[in-house]
Amino acid sequence: MQDFDPPPSNPAAKQLYLASTSNLKQLLTATKVNSSKATFLLISPSAGDMVSTAPKVLVPIADDSEPIEAIITIDVLRRAGADVVVASVGKQLRVEAMLGIHIIADDALSDVVDTVFDLIVLPGGVPGVDNLRECEALESLVKRHAADGRLYAAACAAPAAVLGPWGLLKGLKATTYPSFMEKLAAYTTAVESRVQVDGKVVTSGGPGTSMEFAIALVEQLFGKQKALEIAGPLLMRSNHGDEYTFTELNPKSWTFDHPPKVLVPIANGTEEMEAVMIIDFLRRGEANVTVASVEDKLDIVASHKVKLEADVLLHEAAKQSYDLIVLPGGLGGAQAFANSETLVNLLKKQRESNKYYGAICASPAFVLEPHGLLKGKKATAFPGLSNQLTEQSEVEKRVVVDGNLITSRAPGTVMEFTLTIVEKLFGRKLGLEVATSMGFTSL
């Protein structure tokens, strides 16, 4: 069974914690305890949970895999209570995914080839899919898995570039990234769909459909009620495929005559979906993004146990100036940011210099508000924490831009949040181009 830290006593923080670990209802028993300050939960394993019966999931990754597709799948399935194994098909556990994002796998594929999984999920990314397809051990494992009638899935280019050549889509309807549709049609019935379920196979179109894809996998493993339970706190939008929108107050031009320098700090407990999407989208927009660890080492363990590696330590990154600083959320990560004197000083200098800064989820409430970085500004935050913001008028909005500040609410709003940043930095045209190329908006 996956280990979780004890829930915080702060009521709003507790709501965020429980939203991100909603599977505890099935895995744990809870007892209410009253104190003079708050009502909180003491959580202990129930007797029947000493041996985990959680569905076992394999997510193989390779150099140049698409990080958004891998990380969202891992994160969402772990939220649902699945036992997810991230396995590297290469010689090292450290994988350099697309756009220079570093992920550290849990195991080498060679160590898990004899394990029986309930679900195997292949992320896309080019040439990452070629590295997956050419791995004979993975091919053997997936073919054996499929022959046993177990669930398997693939995103983006992987249906056409991996499952198709392996002969695992015969007689089925499947979808893939638009530029791979013709190739997919050589192996199966290719359909234009954001997410396609046919029997034991689930396929999806691209990074922008990854959250819908992951929720569909939760439904296949746990049922529709669990899928709804997990999707709710993510704040997924209902109008999938539509253009992104945002609320803007006190409009200000963010354009530069040079590639903007962006700092994205990460820490233990950072929300991995939010961090990776921010880094990925901004690098696609050709921003110069530096990922800095607030911890005393480069690698961090994120909110749902994904291991990420930063580019530099924060104290090194702090020697430079940035056009924009963006804070991902995650309860533990936001607390680490708030406790970092170096980061807080950087943010204060950013505000004093009238430069740009932003935060999502827990970070507006845990970092910006307590340090006076929202004074005179309107903002939003994670629903369970937005009551901690002094200014409440815009807290229900998904993305709020107020002059040189941008804030947003949850993992389900982070693509809109990051696309808005791309638009502010590079213009609406590029924002829409990135949204379309990612499959976030319809082609």
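The values are calculated or read from the model by the stated rules, or taken from the named source; none is laboratory data. Predicted, not measured: the structure shown is a model, and the values here were computed from it. For neighbour counting, all protein chains shown are included, and Cβ atoms are generated from backbone atoms with ideal geometry for every residue, glycine included. What goes into the accessible areas is simple: the full protein's heavy atoms, side chains included, and nothing from ligands, DNA or RNA. Shrake-Rupley method; radii C 1.70, N 1.55, O 1.52, S 1.80 Å.
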Q | Scope the range 351-365; condition open to solvent by 10 Å² or more (accessible area, probe 1.4 Å) and free of Cβ contacts under 8 Å to residues at least 60 places away in the same chain; matching residues | A | 351, 352, 353, 354, 355
**Q.** Residues located in the range 285-294, provided they are modelled with pLDDT of 95 or more and either closer than 12 Å to residue 100 by Cα or open to solvent by 40 Å² or more (accessible area, probe 1.4 Å) (or both)
**A.** 288, 289, 290, 291
Q: Report, by residue number, each residue of the range 58-78 that is among the acidic types (Asp, Glu) and open to solvent by 10 Å² or more (accessible area, probe 1.4 Å).
A: 63, 64
Q | First in the range 129-150 and touching a residue at least 40 places away in the same chain (Cβ under 8 Å) and farther than 20 Å from residue 88 by Cβ, second anywhere and open to solvent by less than 40 Å² (accessible area, probe 1.4 Å) and aliphatic (A, V, I, L, M), Cβ under 6 Å, 6 or more apart | A | 146/168
Q) Can you name the residue in the range 330-345 that is within 20 Å of the chain's Cα centre (by Cα) and either at pLDDT below 95 or not small (Gly, Ala, Ser) (or both) and is also least open to solvent (accessible area, probe 1.4 Å) among such residues? A) 337
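Kindly check whether there is at least one residue in the range 326-337 that is in a helix (DSSP H, G or I), more than 20 Å from residue 294 (Cβ to Cβ) and out of contact with any Leu (no Cβ under 8 Å at 6 or more places or on another chain).
Taking the range 326-337 as the starting set, the residues that turn out to be in a helix (DSSP H, G or I) are 331-337.
Filter once more, so that each one left must be more than 20 Å from residue 294 (Cβ to Cβ): none.
Within the range 326-337, not a single residue is in a helix (DSSP H, G or I), more than 20 Å from residue 294 (Cβ to Cβ) and out of contact with any Leu (no Cβ under 8 Å at 6 or more places or on another chain).
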Q) Hey, does the range 295-308 have a residue that's at pLDDT 95 or above, under 21 Å from residue 405 (Cβ atoms), among the acidic types (Asp, Glu) and touching a helix residue (DSSP H, G or I) at 6+ places or on another chain (Cβ under 9 Å)? A) no
**Q.** Residue that is nearest to residue 169 (Cα to Cα), among those in the range 188-238 that are among the hydroxyl-bearing types (Ser, Thr, Tyr) and open to solvent by less than 10 Å² (accessible area, probe 1.4 Å)
**A.** 203
Q: Quick one: in the range 245-264, of everything that is over 19 Å from residue 380 (Cα atoms) and in a loop (DSSP other than H, G, I, E, B), which residue is most open to solvent (accessible area, probe 1.4 Å)?
A: 257
Q: Check whether at least one residue in the range 352-361 is farther than 27 Å from residue 391 by Cα and of a type in the set (Lys, Arg), and report yes or no.
A: no
Q. Do we have residue 303 as crowded, with 24+ Cβ neighbours inside 10 Å, touching a Pro at 6+ places or on another chain (Cβ under 8 Å) and of a type in the set (Ser, Thr, Tyr) here?
A. no
Q) Residues in the range 376-383: is at least one modelled with pLDDT of 95 or more, in a helix (DSSP H, G or I) and hydroxyl-bearing (Ser, Thr, Tyr)? A) no
Q: Please work out if residue 397 is open to solvent by 10 Å² or more (accessible area, probe 1.4 Å) and out of contact with any Ser or Thr (no Cβ under 6 Å at 6 or more places or on another chain).
A: no
Q: Check the range 268-284 and report whether any residue there is closer than 26 Å to residue 403 by Cα, out of contact with any helix residue (DSSP H, G or I) (no Cβ under 7 Å at 6 or more places or on another chain), open to solvent by 10 Å² or more (accessible area, probe 1.4 Å) and among the basic types (Lys, Arg).
A: no
Q: Starting from the range 191-218, keep only residues that are over 16 Å from residue 436 (Cβ atoms), then list their pairs with residues that are part of a helix (DSSP H, G or I) and basic (Lys, Arg) whose Cβ atoms are within a distance under 7 Å, requiring at least 6 positions of separation or different chains.
A: 218/226
Q) Mind checking which residues of the range 152-187 are surrounded by 24 or more Cβ atoms within 10 Å (Cβ to Cβ), of a type outside the set (A, V, I, L, M) and farther than 21 Å from residue 440 by Cα? A) 164
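Only residues that are closer than 17 Å to residue 161 by Cα and not in a loop (DSSP other than H, G, I, E, B): list them for the range 196-227, please.
Listed by number, the residues that qualify are 196, 201, 202, 203, 204, 207.
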Q. For residue 348, which of the numbered conditions (1) assigned to a helix (DSSP H, G or I); (2) surrounded by 18 or more Cβ atoms within 10 Å (Cβ to Cβ) fails to hold?
A. (2)
Q. Can you name the residue in the range 287-301 that is in contact (Cβ under 8 Å) with a residue 40 or more places away in the chain and part of a loop (DSSP other than H, G, I, E, B) and is also farthest from residue 433 (Cα to Cα) among such residues?
A. 295
Q. Quick one: is residue 95 farther than 24 Å from residue 303 by Cβ, modelled with pLDDT of 95 or more, of a type in the set (A, V, I, L, M, F, W, C) and open to solvent by less than 40 Å² (accessible area, probe 1.4 Å)?
A. no
**Q.** Hits in the range 81-125 (condition: β-branched (Val, Ile, Thr), in contact (Cβ under 8 Å) with a residue 40 or more places away in the chain and farther than 26 Å from residue 312 by Cα)
**A.** 112, 115, 116, 120, 121
